[in-house]
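The values are calculated or read from the model by the stated rules, or taken from the named source; none is laboratory data. All of these numbers come straight from a predicted model, not from anything done at the bench. Ideal geometry is used to build each Cβ from the backbone, glycine not excepted, and the neighbour counts take in all protein chains shown. For accessibility, only protein heavy atoms count, side chains too; no ligands or nucleic acids. Shrake-Rupley method; radii C 1.70, N 1.55, O 1.52, S 1.80 Å.
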Amino acid sequence: MPQRALLILIGGRQIPNLLTAQYLKPDIIVPIASHEALRSGDAWSRIEPALRQLCPQGLEDPIEEDSLRVDAFDIEAIHTACRNALNKYPEAAWVFNVTCATTIMSIGAYEVARQVGVSVWYLDTASRRVVTLVGTPPEENLYHLKVADYMDVYGRRPEGSDAPDHQLTSFAQRLAQQPQEAMAFRDALRNAGLNQKRSSAAHSGTIPSSSAFMDFCELAVEAGLISSYQSLPSQQIRCDITGSELWKYVDGDWLEVYAWSVARDAGCFDDYRHSLRLPIISSEETASNEVDLAATHMASLLIAECKTEKEPFSVRHLTKLHAIAAMVGGDFVSRLFIASQSEHFYRSHPGRSQSYDNFCSQARAHQIVVVTGEQLSNLGEILRREAGADPKQRSTYSSR
């Protein structure tokens, strides 16, 4: 059986190259790179580690091989580089991916491939199609990508939390059914002194009694966040806890877990992660590099920022989300801002209504979809729509 060989072009967005390499699992990868793409921090330095993992023995390096470096607008140089690759591995079964880099590079590679009759693919990631220009199309859908692999292409291999267990997920889903009560529960814990973030000792406090709070306490016990609780004759609930995990969860983690569970249950995502931390690779980066939810559908990325604050609609949150999207694909990335607070809360306070309108205006300018507390029950539908997975609805910013 002949070796499988893949020729790719290096320049611009590299997701199509990763998808092809991941699908073909080639024995040989030959990257033809423009001089600009070889600069420090540019396309080659971002994609090379991911390609090296997929093809550890057969990946050629355009930094070391003069024949693989070209002027991106010199079509004869591109012809020569492609022919050299074919001549070096004449017995291999070749596929050319001409999606990336300049149009001139794509045309040059296509012309050589057509002359010798090897397959040429162009990946239209916007429509999730593979256009076969010459030869044989892929036999299966190749638009599958893990979140970590997607971010790897941008030099951002993430670190994150493990998938939450069933009890934590159930608790989050219950809080999402009553987001106003969830925020009131947090306030009650704070007022009872149960918000000690760094405490590892056992401590107790009392909160007002209500049917919702009793339900929350029962679920918190099942999730291991409360040691025990007791309903008191004074219409209060005594909570016994150890450590700070209850406060950390109720103060914000629950909404991230809920969003993760909705992405899981949506049935359209190839991968979904929560509470990710992206590495900082430039001293100029000042934004927090934390992603509350990241999910991939058909090799496209969706990210979300989740906030449980009483007044969450602050432009600084949009700025952070926009900055993180710029690190991992820019306008190709779908973005959501998810809040437990309701729009009604802002509309019922004249002083806040204008600030909410300003926030939504800024969100539209950044192409960020805003999800409020009233919409949490419909989050699955919203995620499917914004990921482009709902055939009956277009995503809000469908030009992506």
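Give me the percent of accessible area attributable to carbon and sulfur for the range 1-43, probe 1.4 angstrom.
52
Reachable lysines from Lys320, Cα under 29 Å, same-chain residues fewer than 8 places away excluded?
List returned: Lys146, Lys197, Lys248, Lys307, Lys310.
For the chain, what proportion of DSSP beta bridges, expressed in % and rounded to the nearest 5, is antiparallel? Walk me through the numbers before you get to the answer.
Values: 30 of 57 bridges.
Antiparallel bridges make up about 55 percent of those DSSP assigns within the chain.
Considering only Lys307, Lys88, Lys320, give the residue with the highest GNM mean-square fluctuation for the chain, with springs between Cα atoms whenever their separation is below 10 Å.
It is Lys88.
What is the extension gain from Glu159 to Ile63, computed as 0.36 nm multiplied by their sequence separation minus the C-alpha to C-alpha distance, in nm to one decimal?
31.6 nm
If you compute Cα extents along the principal axes in Å for the structure shown, which of (i) 87, 43, 41; (ii) 59, 44, 42; (iii) 72, 58, 56 do you land on?
(i)
In the range 52-80, which residues have a backbone nitrogen under 14 Å from the label point lying 7 Å from Ser45's Cα in the Cα-to-Cβ direction?
63
Assuming R0 = 30 Å, can you tell me the calculated FRET efficiency for the pair Ala323 and Ser200, based on Cβ-Cβ distance, to the nearest 0.05?
0.30
Antiparallel as a % of all DSSP beta bridges within the range 68-168, to the nearest 5?
In the range 68-168, approximately 60 percent of DSSP beta bridges are antiparallel ones.
Just Glu222, Glu290, Glu91 to compare: in a GNM of the chain, with alpha carbon springs under 10 Å, which one fluctuates most?
Of the options given, Glu91 has the highest mean-square fluctuation.
Return the distance in nm (one decimal) between the two label points of a simple spin-label model at Arg83 and Asp187, each offset 7 Å from Cα along Cα→Cβ.
My value for the distance between the label points is 7.6 nm.
What number comes out for accessible area per residue over the range 222-286 if the probe is 1.4 Å? Units Å², please.
48
For the range 185-263, what does the relative contact order come out to in percent, with C-alpha contacts under 8 Å and a separation of six or more? Before the final figure, lay out the partial values.
Details: 105 pairs, mean separation 28.0, N = 79.
This gives 35 percent for the range 185-263.
Running a GNM on the chain with Cα contacts under 10 Å, which residue among Ser45, Ser127, Ser34 ends up with the highest mean-square fluctuation?
Checking each option, the largest mean-square fluctuation is seen for Ser127.
Leaving ligands, DNA and RNA out of it, rank Arg174, Arg316, Arg157 by accessible area with a 1.4 Å probe, largest first.
Listed by decreasing accessible area, they come as Arg316, Arg157, Arg174.
Over the range 87-151, give the accessible area per residue in Å² for a 1.4 Å probe, as an integer. Each step should come with its number before you reach the end.
Working: 3120 Å² over 65 residues.
Heavy-atom SASA per residue in the range 87-151 reads 48 Å².
What's the FRET efficiency of Arg129 with Gln230 using the Cβ-Cβ distance as r and R₀ = 51 Å, to the nearest 0.05?
Details: r = 61 Å, r/R0 = 1.19.
Once the sixth-power term is evaluated, E becomes 0.25.
Within the accessible area of the range 252-382, what % is carbon and sulfur when the probe is 1.4 Å and the other protein chains stay in place?
On the way: 2380 of 5100 Å².
So the carbon and sulfur contribution to the accessible surface is 47 percent.
Pairing the Cα long axis of helix 166-177 with the longest principal axis of the chain, what angle in degrees results, from 0 to 90 and rounded to the nearest 10?
70
Per-residue accessible area for His35 at 1.4 Å probe radius, Å² rounded to 10?
My reading of the accessible area for His35 is about 100 Å².
Kindly report, to the nearest 10 Å², the accessible surface of Phe269 as traced by a 1.4 Å probe over protein heavy atoms only.
20
Per-residue accessible area for Thr308 at 1.4 Å probe radius, Å² rounded to 10?
Ignoring ligands and nucleic acids, Thr308 comes out at about 10 Å².
Can you tell me the length gained on complete extension of the stretch Glu140 to Asn378, counting 0.36 nm per residue apart and subtracting the Cα distance? Before the final figure, lay out the partial values.
Numbers: separation 238, 0.36 × 238 = 85.68 nm, distance 3.22 nm.
The span from Glu140 to Asn378 would gain 82.5 nm if fully extended.
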